[in-house]
Every structure is written in structure tokens, then in C-alpha cells.
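> Mind looking over this structure? Questions follow.
The values are calculated or read from the model by the stated rules, or taken from the named source; none is laboratory data. All of these numbers come straight from a predicted model, not from anything done at the bench. FYI the Cβ positions are ideal-geometry reconstructions off the backbone, even for glycines, and counts take in every protein chain you see. Side chains included, ligands, DNA and RNA excluded: accessible areas come from the protein's heavy atoms. Shrake-Rupley method; radii C 1.70, N 1.55, O 1.52, S 1.80 Å.
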Amino acid sequence: MCDCSSCAYAPQFNRRRLLFGAAAAAAAAGASGWLGDARAAVPSNDIGPDEALKRLMAGNARYAANKPNMRDYSAGRAARAVTQKPIAAILGCSDSRVAPELAFDQGPGDLFIVRVAGNFVNEDGLASLEYGTLVLRAPLILVLGHDNCGAVDATVKALKDKTEYPGHLPALVNAIKPAVELASKSGAKDLMAAAVQANVRLAVERLKAAQPLLQEMVQQKKLGVVGGVYSLATGKVALV
Ligand SMILES: [Zn+2]
């Protein structure tokens, strides 16, 4: 019989209440002083997953059309020094050509980003995303893959040609291997493109099912998890 106090999830729920409670108390304590004013000056991220995705895709359309919003980066810097309210968390590739703030035309403080070559989920990345969503309350995680991904390509070569890599590179290959195998089994003509998509989908599935935190937030519709693929040639993100 579960009496909740002995339930396996109870420690996490209690910890979350503490985190939210501490954040609320800090906000209340500073409400009448400079800190409170500064926090209030940072745009709220109290929006739903759909609105967050809408803003990202609108930003991507501006970026792809080379019509980004003009920004004064110093404006709001003082306010951001005391708080952050990101509208989304991004799990993206380390690739130097895929910069999330640029690709979604967002400013400092808007995106909480985890980057690893091949945009897969590992323990550290998952913990960071838990922080970004549970503590900072970003309502959306977007897994951002891209075409011609070097990490996916290396994995394809490792599996097809038995290419061996030095150092710690095999760790990347091991992490991306399930996606390449899935794409391979699907019989797709363009194995690379299919593997990039499968890699994004696997990461989305893993994040949605990540217990105990993300899964519950997703079930309560407080958090959305979606995937997209960035085109290096056009700058456009296509949701998958
Ligand atoms: Zn990549």
C-alpha cells in the first residue's frame, strides 16, 4: 500500500516543492527592493509549451529570411544578472554552424542550451535539462539535430566500414549507434538523413520518458518535448 510518505517518488516531489518554494520565497523577499524590480524586468517564461514552440519557429523564420530582430544586448543585462527565465531548453549538436540563439533569433536569457556532438541524451545533459525545466521552468525542450552531422556520419562509417576512432570518440559512436541501426533497418535511401531524424526522435522519446522528473512534467502538460532538424543550407528548422 502506498501512503505517499514512503512512496519511491516522495523524495523527488518534496525536493521539487522545496526548490519551487525557495524560488517563490526569494522572489517575494526581493519584491519591494532592487532585486525584485530587476527580476520583474526580465520577460516572464510563464507560457505553455505551444506558445514557446510558436516563438521559436517564428524566430527561425526571421533568421532564415535574414531578418532577425534588432537587439540592444546591454538592455536588460542588469536584470538578467539576478535571474533567468528561458522560454525553452535546447538539446543541440556542438556543430559550430548550428547556434541555437541565432537559429531561433533569441537573445541572452531566452534559451537554456545543452550541446553535445550528435545531440544525444546522456546523464549530465539530462540533469542539465532537468535544471532548465524544473528549476528555471522552461516549458519546452527542443532536440535540435541537423543535416550533414559529423557525429552521425562518423557513426555511419563506424558501422558500415568498421572505421575505428581514437581517444574518446567511440563514446559518441556508441551513443548514436541505435539511431543509425534504426535508420538502416528502415531501408531509407538516404541513410544519413534518416539517421539524423531517428537520432532526434530517440532523444525526444528518452526525454519524454525520463523518470522521475521530466516524464511527470510532460504528463501534466507543463512541459513539451519536440524535435527538429536544422538545414545547414537554408537555416530552416523542420519539426520531426
Ligand atoms: Zn552535428
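> Of the conditions (1) touching a helix residue (DSSP H, G or I) at 6+ places or on another chain (Cβ under 8 Å); (2) over 21 Å from residue 208 (Cα atoms); (3) within 16 Å of the ligand (Cβ to nearest atom); (4) not hydroxyl-bearing (Ser, Thr, Tyr), residue 99 fails just one. Which one is it?
Looking at each condition in turn, residue 99 falls short on (1).
> Run down 200, 196, 156 and say which single residue is touching a Cys at 6+ places or on another chain (Cβ under 7 Å), of a type in the set (A, V, I, L, M) and within 14 Å of the ligand (Cβ to nearest atom).
Of 200, 196, 156, the one residue that is touching a Cys at 6+ places or on another chain (Cβ under 7 Å), of a type in the set (A, V, I, L, M) and within 14 Å of the ligand (Cβ to nearest atom) is 196.
> If you check every pair at least six apart or on different chains, which have Cβ atoms under 8 Å apart with a residue in segment 145-164 that is within 30 Å of residue 225 (Cβ to Cβ) and in contact (Cβ under 8 Å) with a residue 60 or more places away in the chain first and a residue that is more than 10 Å from the ligand (Cβ to nearest atom) and open to solvent by 80 Å² or more (accessible area, probe 1.4 Å) second?
These pairs meet every condition: 147/233.
> Another question about this same structure. From the set of residues in segment 159-178 that are within 23 Å of residue 96 (Cα to Cα) and among the hydrophobic types (A, V, I, L, M, F, W, C), which is farthest from the ligand (Cβ to nearest atom)?
171
> Still on this structure: In the set 172, 159, which member is buried (at least 18 other Cβ atoms within 10 Å of the Cβ) and farther than 22 Å from residue 236 by Cβ?
On the way: 159 fails: buried (at least 18 other Cβ atoms within 10 Å of the Cβ).
It is 172.
> I need the full set of residues from segment 69-96 which are within 16 Å of the ligand (Cβ to nearest atom) and open to solvent by 70 Å² or more (accessible area, probe 1.4 Å), in order please.
If the condition is that a residue be within 16 Å of the ligand (Cβ to nearest atom) and open to solvent by 70 Å² or more (accessible area, probe 1.4 Å), then 96 is the only one that fits.
> Now a separate question. Can you run down the residue pairs with Cβ atoms below 8 Å, 6 or more apart or on separate chains, where the first is in segment 39-67 and farther than 17 Å from residue 233 by Cα and the partner is among the hydroxyl-bearing types (Ser, Thr, Tyr) and surrounded by 15 or more Cβ atoms within 10 Å (Cβ to Cβ)?
Final answer for the pair search is 39/83; 42/83.
Residue-by-condition table, conditions (1) touching a residue at least 40 places away in the same chain (Cβ under 8 Å); (2) within 16 Å of the ligand (Cβ to nearest atom); (3) touching a Phe, Trp or Tyr at 6+ places or on another chain (Cβ under 9 Å); (4) open to solvent by 50 Å² or more (accessible area, probe 1.4 Å):
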residue	(1), (2), (3), (4)
112	no, no, yes, no
123	no, no, no, yes
127	no, no, no, yes
140	yes, no, no, no
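> Moving to a separate point now. Read through the list (1) over 18 Å from residue 116 (Cα atoms); (2) in contact (Cβ under 8 Å) with a residue 40 or more places away in the chain; (3) surrounded by 15 or more Cβ atoms within 10 Å (Cβ to Cβ), then give the number of the only condition that residue 194 fails.
(2)
> Could you please find all residues in segment 197-223 being buried (at least 21 other Cβ atoms within 10 Å of the Cβ) and closer than 15 Å to residue 138 by Cα?
Within segment 197-223, 207, 213, 214, 217, 223 qualify.
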